[in-house]
Every structure is written in C-alpha cells, then in structure tokens.
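Here's the structure we're looking at; comments come further down.
The values are calculated or read from the model by the stated rules, or taken from the named source; none is laboratory data. Please read all numbers here as calculations on a predicted model, not as lab measurements. Glycine gets a Cβ as well: all are built from the backbone with ideal geometry, and neighbour counts include every protein chain shown. Calculation scope for accessible area: heavy atoms of the full protein, side chains included, ligands and nucleic acids excluded. Shrake-Rupley method; radii C 1.70, N 1.55, O 1.52, S 1.80 Å.
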Amino acid sequence: MAESVNDSDAESRISFGDYVVLKRGDVFKSVQVENKKKVIFEKQWFFLDNAVGQLFGTRFEIGAGGSLKLKAAKHSGDSLDSKEAGQDNRHILDDGKSQKLTRDDIETLKEQGLKGQHLYSIVNVFVYFSHLRYDTLAQILTLGNIHAGSKILVFETCAGLVLGSVMERMGGFGSVIQMYPGGGPTRAGMESFGFPSHFHETLHEFPLCKVNALLAGTLDLSEKDADGNRRSESSQETSGVSEERSSEPQSMEVSVDQQEEMRRVERERLREQKAQEKKVKMEEKRKKLASAAALLEGRNADGLVIASRFHPCPVLMGLLKFIAPSRPFVVYCQYREPLIECYTKLREQGGAISLRLTDSWLRHYQVLPNRTHPVLLMSGGGGYLLSGTTVAADSAKTRNQHKSEEHVAKRLKLDEISSA
Amino acid sequence: MSFVEYSEIIQEGDVVIIFQGHESMMPIKVQSGAQTQTRYGAIRHSSDLIGQRFGSKVTCSKGGWVYVLHPTPELWTVNLPHRTQILYTTDIANITLMLELKPGSVVCESGTGSGSLSHSILRTIAPTGHLHTVEFHAQRAEKAMQEFKEHKVSHLVTVRNQDVCKDGFGITGIADAVFLDIPSPWEAITHAKSAIKRKGGRICSFSPCIEQVQRTCEALLDHGFEEICTLEVLLRVHDVRTVTLPLPDFGPEEDSTDSCQLASDLSQDEVPNTGNSSVICRTATPPREMAGHTGYLTFATKPRD
C-alpha cells in the first residue's frame, strides 16, 4: 500500500496577500489578507495580521482591539474559522444559502467596492451578480468538455467568474481566448481565483469589434505609433535632446529665469516620459492582439462558451466560425426565447448537431434522524443552456435527409400540430 | 485521439462515434480493412475513416451519410456498453464541480462500474492527476482496464479489483477527492477518510435511496467530516418546435369601433390557402414527464488533520 507523502506545511500557511475564506457557522466570506487592514465579517471588525504564519483551517477568536487569538479546543458553531479548501484558497461550496445574501449585504458589498477581494462564497456571487447558478455552471464546464490542453473561446459578462472557472479546469495548460465587447475584458471575478502567474500566460483576449476584420483577413496588426502613423526614428531624437537640457541647471543660486527654465524642462521630460510609456503600452497591446489573432485565425478552436447579457444568437453565429468541427459549444442565457432563436438558426444553417435546450432543477435535503425532508427547490432561476456539437458545414440538399427524420419522430406525438 | 486530448485526423486504432441522426449514435473502433454497417449502408474504415477529419461527413455504401465524431466522456456516457446502471452527465457535472476536480487532482472512486464517471474524471484531472478506481467484480474490473487502454488513458488510472469496504482504495493520504457509488457507503467512510490528504479534501457519495443517505450522513458526522450536504439535480430538456395556432373567426367586420380587430392584427404570419388564417409560433415545451430520479448526492469536506 502506498504511504502518504508528508505534506509540505509551508505552502499551507497563511501569508500576506493570500485570498482566504472566513467561515463562521455556515456563513462565508472571501477576503485578502493585508497588513493592518480592518476586515468586517458577521458584524464584527478585526485584523487578520495574527493569522499570518498560521495554517489554513486554524480556528481563531476575536480579542481586544480586533486582534485574532488562537482558539485552543475544537468548537463548532460560534467560533470564527479561517479555512482553506482546495489548493488555490477558493472554496466552492454548496451551502444552499443563497437567500441569506440580503439586500443590505449586497449594498454593503457594493459600498466596499467589488474588486474581487470582497466576494462572498462563489455560490452566492453566482446567484446575485450573474444569475448563473452553480449547477448551471457545472453543466457548462462538463458539456463544454473543458479540459487541459485545449483552446477555448469564452465570451462572458459574468465579471470573469465563468472565465475563472474555465481556466481552473484547464489547469494552466492550453489556451483561453476571452472575446470582449467594448473597451476591455472584465476579469475581477477571475482574479479572485488566485491562479499562479503562469496561468495568465495562457489567457488571451480579442475584441469583438475586430472579429469581422479577422474573418475577412483584413485585420491590421502592423506596428504604429500613438498617432496611428508608422513608427519613425524622429521621436527617439527628440527625447535625446531634452535629456541634455535637463542636466543644465546645476548651480546652487538659481535666478527666476533659471527656475522657469527648470520647470519648462521638467514638463518636457514628463511629456516625453508619458509618450514613451504610451508607446510601450500600445506595443504590448498590439502584440497581444496579434497573438490572439494567430490563435483564432486557424479556425480550429476546441470549444466555445457563451454566458452574457448580449443576445446570444449573433454572438453564437459569429464565434462558431472559429471552432473546429466535432467540438462542443455551450450557450447560457437567462431567458429561453433567445436560445430558441439560436436553435432555429442553427437548424437552418447546418454545421451543428445534437442541439439541446435544457435547464436544471436543484433540490437540497435536510438529513437528520427522523427529520429528513427536502429543504429548498431551485428551479427556473438558474437560466437555460443550449449545447451542441459542431460538424463540417454541409449544403442544404444533403441536410434534408436528417431533417425529414426529425419530423417523423415528432409526428408520433399526440396533441401537437407542427408545420410541414 | 484520446479521451483526454483532441486530435484532428482519424487514425487506425481510434475509437470514434458515428452519428446517424438524432439520438442515434454508436461507437466503433477504427481498424484497417474493417467495415461497419449503418442504417445508410456500410462504412469502409480504410477509405472512409482513416485520414479523414473528425466531424466530417461520411457517405455510406447505400448513398446515405453519417457524421464521424471525436469521442468525449459525454458522448461515451450515452454510447457505452452498460455493465451496470451508470451515472449520467447531469450528475457527473455537479460531482465534478463540487469535488473541485481539476488538472492534477488525485481521485479515488468506487465502484468503477461501466466507467461512465471514470472517463469524465480522467478528462478533468489530466495530464497531471491520477484516478484510483476500485471495482469488486473481477470481470468488470478487467473490462474497465481494457477500455482505459483503448481510450489511451491508462497512464492516468489504476484499477484495483478488491472490496473497498474491507480493503480500501489501496492508497492512503494522497487523494484530493473520494467518490462512492456502492450499496453501503457508510462502510467505506473510514477508508475514504484515510485515503484523503492530511490537509483535507472532499467526498461525495451517490445513493438512490434516502435510507442509504441517512446512514452515510451519520457515518460522515461520526468521522469528523464537515459541511455535509445532500442534494439532487434534475435536467429538464425543452423540445423546440414550431406550432401553428389557428385564429378565430369573428365574422365580417362592420363597425370599426365595436367589432373585434384582434384576429386581423395577429395575422402577420398567415398560412396561405387555409379557410381560416393561422399564426406560426416557434416555441419550446418542457417534456410531460421530467427525467426520473437517479440518486441523491451527498458531499462533505474532510478538514485538516
């Protein structure tokens, strides 16, 4: 029998900067451990400084002045628990307590500013912020066959929570391309997963507004300066000259004129510095766009996940073009009708099989001796999923073979009137 | 091809899924010189499959055609040969998420059964994780080993033919998660606990009957597990279809203020050549009966020792 390997306790100790989940009874809160930073949880203020260096899972009680003290004996119920579950300090837990997130709690969260550091347990966040219930998310990840080593396209407006879940299932292998509308991708939710830095190298982004150009082959990825002109040598000369000037005012006694000169030169230097920084940023942005475009160009992505407030139909039809044949796609929508449109469009156009429109029901149970019964039924509110598999695109003529089969199956049903 | 990694071109020895139509699929093993019969005719492996792209259309000897798909655990679940009752994708998806499985996870499972969940686990924990699966039925254990080999995943899994309640999983202190789908899970809790890492981990037990759930929850509590919760999840499939609803005839319109205009207002999608006009609606109806109960899922956390 294989014996257990000694756990390296060093990696299980709390450090500054870690994201931890505080637990008291069955209320949870995710916070970041910061030096001398006041944390509020369950209507109490305290500092997490004394938790640093302790093992995850240690129980503390709150002492005078808000400092944490180790709690000696095991005590269920009222004691404050600092707990880690999973290697990335994030705890997915079904506590079924989504109703506990009251309006006041949500207002408090908003006041604190949602930056990914002040999320309640992932379950509750899904319920409130994105209407995406965790059982629906579970289906998305599995139906999408999300796994290490694949190339996945994600389009979501769930504050990065879907993105983070996808990245977690990829384990840092393969690549994820986040398509985004507007200015830039939102990733606050993803940040709270606390991924190691090499995971971020697998993450790319691509703006929706450049999709058509990419598909048409007209996407411009050449190097340009801030004015949109091709880069030239002249800007480098200017910065050289101003540096010389700035070294001039060295003398101890400075006249008014010299002070003016110093200020002017300083302004010039700052302007140059800003222009330089902007250039570096633009080059970085260009490189990122080019690398994402390179991944998309082959039109051989392994999967597509859509979970957004945008109408799913055009998003789906547009992004499916980047997916290889015989690969799964999953579209989440809070409402059913837009997915019915997607279904219809895909049937007309072809290129997809095994289309299924589903939603899931979730029921919790209280299990106690002589007191076992269902507790909570979550249905409908979890949103809907449309899933399918891509196939090589085919012509209208050959598609009719399978289409007529579907109608035969449907006519067998009793009280239905379907169109010919 | 493997169940944990996509490939583009079909090769000799691959397992592929032939899609013949809605809910009509079958797995086949690609062999040079072999033939497979479908409802549309025969498929010749050497000419029709080997070297073709996954997802392409294959024309069969009678002229009809099918699609050939890359296998996935989800496709395998609906097409695998049943040796036992199996777990379906809906439950599998929730188990995967709630056990926090991901690449690198070490998982213990018993019983292996027909390998439905096993394939899903392997897909999720690859390439750096490992699955220790225990099956007490010798033939099923053997069959499972064979399939894992054919599906190119045997490097990620160890199958043990033993009784998990008596002999455990064959390892201790290295699992991130344990899954039990056996008649008496409460008898395996001690072994499950010792299989899990010192720093803690997750456990899930699947049972069709509530009495089993009660005994399991008691055992979990006795062994110091925390955050015990039981739930069940059901999938509802919506049937997307087009329906034609006839419009009422209120008689010829005489006075515009009094008579019912409603009928003519609706008639944008009129069906021509019918005595009465109709409206075509594209809608989705839930099935008359929801999917049946599969089992209860009980989750718990083993805290740090």
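Of note:
- Rounded to the nearest 20 debye, the dipole size of the stretch B:154-209 about its Cα centre is 320 debye, using +1 on the Cβ of Lys and Arg and -1 on the Cβ of Asp and Glu.
- Rounded to 5, percent antiparallel among DSSP beta bridges of chain B: 65 percent
- Remark: accessible surface ordering of B:ILE171, A:ILE62 (largest first) is A:ILE62, B:ILE171, probe radius 1.4 Å.
- In the stretch B:55-78, burial by the other protein chains removes 30 Å² or more of 1.4 Å probe accessible surface, compared with the chain on its own, from B:GLY55, B:LYS57, B:TRP65, B:TYR67, B:LEU69, B:GLU74.
- Extension gain for A:LYS43 to A:ASN300 (0.36 nm times residue separation, less C-alpha to C-alpha distance): 87.4 nm.
- At R0 = 35 Å, FRET efficiency that the Cβ-Cβ distance of A:ALA64 and A:SER15 yields, to 0.05: 0.90
- nm² value of the averaged projected area, convex hull over the Cα atoms of chain B: 23.5 nm²
- With K and R counted +1 and D and E -1, the other residues having a Cβ less than 13 Å from that of B:HIS293 yield a net charge of -2.
- Each of A:MET282 and A:LEU221 was given a label point 7 Å from its Cα along the Cα-to-Cβ line. The distance between the two points is 1.9 nm.
- Net charge of Cβ neighbours under 9 Å - reference A:PHE322; Lys, Arg +1; Asp, Glu -1: +1
- Measuring nothing but how far apart in sequence close Cα pairs (under 8 Å, 6+ apart) lie, relative to its length, chain B scores a relative contact order of 14 percent.
- Legend: residues A:GLU34, A:GLU284, B:GLU254, B:GLU226, sorted from most to least accessible area (1.4 Å probe; ligands, DNA and RNA excluded), read B:GLU254, A:GLU284, A:GLU34, B:GLU226.
- Contact surface B-A: accessible area buried, both sides summed, square angstrom, 1.4 angstrom probe: 7300 Å²
- Flagged links, alpha-carbon separation over 18 Å, of A:LYS151/A:LYS281; B:LYS199/B:LYS302; A:LYS29/B:LYS302; A:LYS210/A:LYS288; A:LYS210/A:LYS321: A:LYS151/A:LYS281; A:LYS29/B:LYS302
- Accessible area per residue for the stretch A:127-225 is 31 Å², calculated with a 1.4 Å probe on protein heavy atoms, without ligands, DNA or RNA.
- The translational diffusion coefficient of the stretch A:287-361, from Stokes-Einstein at 10 °C and 1.306 mPa s with a Kirkwood hydrodynamic radius over alpha carbon pairs, comes to 118 µm²/s.
- For the stretch B:200-245 versus the stretch B:128-158, the gap between their alpha-carbon centres in whole angstrom: 25 Å
- Along principal axes, Cα extents of the stretch B:1-77, largest first, whole Å: 34, 27, 17
- Sites B:GLU211 and A:ASN35 - FRET efficiency at Förster radius 51 Å, r taken between beta-carbons, to 0.05: 0.45
- Accessible-area composition of the stretch A:302-389, carbon plus sulfur, in percent [1.4 Å probe]: 52 percent
- Solvent-accessible surface of the stretch A:282-322, averaged per residue with a 1.4 angstrom probe and all protein chains in place: 45 square angstrom.
- Only DSSP H runs of four or more residues enter the estimate; each adds -39500 (n - 2.57), and after division by the residues of chain B the mean residue ellipticity at 222 nm equals -6500 deg cm²/dmol.
- Residues in the stretch B:77-219 average 33 Å² of solvent-accessible surface per residue, probe 1.4 Å, ligands and nucleic acids excluded.
- Peptides ranked, highest mean first, by Cβ atoms within 10 Å: ranges B:65-74, A:255-264, B:143-152: B:65-74, B:143-152, A:255-264
- Charging the Cβ of each Asp and Glu at -1 and of each Lys and Arg at +1, and nothing else, the dipole of chain B about its Cα centre rounds to 1800 debye.
- Largest accessible area first, the listed residues A:TRP361, A:TRP45 line up as A:TRP45, A:TRP361 when surface is computed with a 1.4 Å probe on the assembled protein chains.
- Percentage relative contact order, the stretch B:1-149, counting C-alpha pairs under 8 Å, at least six apart: 19 percent
- Distance histogram for the stretch B:1-160 (every C-alpha pair counted, 10 angstrom bins, percent rounded to whole numbers): 11, 38, 32, 17, 3
- Karplus-derived HN-Hα couplings along the stretch A:296-304 (A = 6.51, B = -1.76, C = 1.60, θ = phi - 60°), whole Hz, x at Gly and Pro: 7, 3, x, 6, 10, 5, 9, x, 9
- Rounded tilt (10° steps) of B:89-98 against the dominant C-alpha axis of chain B: 50 degrees
- Chain B: angle of helix B:138-150 to the longest principal axis, Cα-based, in degrees nearest 10: 70 degrees
- Accessible-area composition of chain B, carbon plus sulfur, in percent [1.4 Å probe]: 51 percent
- A simple charge model with +1 on the Cβ of Lys and Arg, -1 on the Cβ of Asp and Glu and nothing else charged puts the dipole of the stretch A:132-232 at about 140 debye relative to its Cα centre.
- Cβ-defined net charge surrounding A:GLY298, 14 Å radius [Lys, Arg +1; Asp, Glu -1]: +2
- Residues of the stretch A:325-370 that bury at least 50 Å² of accessible area once all protein chains are present, compared with their chain alone (1.4 Å probe, heavy atoms only, ligands and nucleic acids left out), are A:PRO325, A:SER326, A:ARG327, A:ARG336, A:ILE340, A:ILE353, A:LEU357, A:ASP359, A:TRP361, A:TYR365, A:VAL367.
- Once the chain from B:VAL237 to B:ARG44 is taken as fully extended at 0.36 nm per residue, the excess over their C-alpha distance is 65.9 nm.
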